[in-house]
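Derivation of every value follows stated rules applied to the coordinates shown; laboratory data play no part. Please read all numbers here as calculations on a predicted model, not as lab measurements. In this analysis, Cβ positions are derived from the backbone assuming ideal geometry, glycine residues included, and neighbour counts consider all displayed protein chains.
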Amino acid sequence: MSPILKQISTVFIPVRDIGKAREWYCDILGLPVDGEILFGHLYIIPMNGTRIVLDSKIYSEDRTFKTPAFHFDTLNIVEAYTYMQSKNVNITTPIEHDQWFNFLDPDGNWLMICQC
């Protein structure tokens, strides 16, 4: 029996400026911009389930996500797409298969939203 649990607790995202990244992610997720920036380079986004940690200490252009490493869930992909357009997010694909689309954060990380 493996001592490794079958779960993921945290995903780290490399970001250039921790303060700006915190504002952007909180904005698109509809969260207040509060919470402490830890050690000058980490911010834990309050999420349901798997946590996201923004980390400016690990940032470099070659470390940004070139393909989505995870996806944000939505109950309505069209509504999510329209919402992200209204936020002037850099959307990189149309809605594919009525199920998902990709977009970029301000640091060039490829992310995805998928209808669950």
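Structure above, values below:
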read-out: Candidate set from the stretch 92-111 (those that are of a type in the set (A, V, I, L, M) and within 21 Å of Asp17 (Cα to Cα)); member that is nearest to the chain's Cα centre (by Cα); value: Leu111
read-out: Boolean, Val53 is within 26 Å of Cys114 (Cβ to Cβ) and touching a strand residue (DSSP E or B) at 6+ places or on another chain (Cβ under 6 Å); value: yes
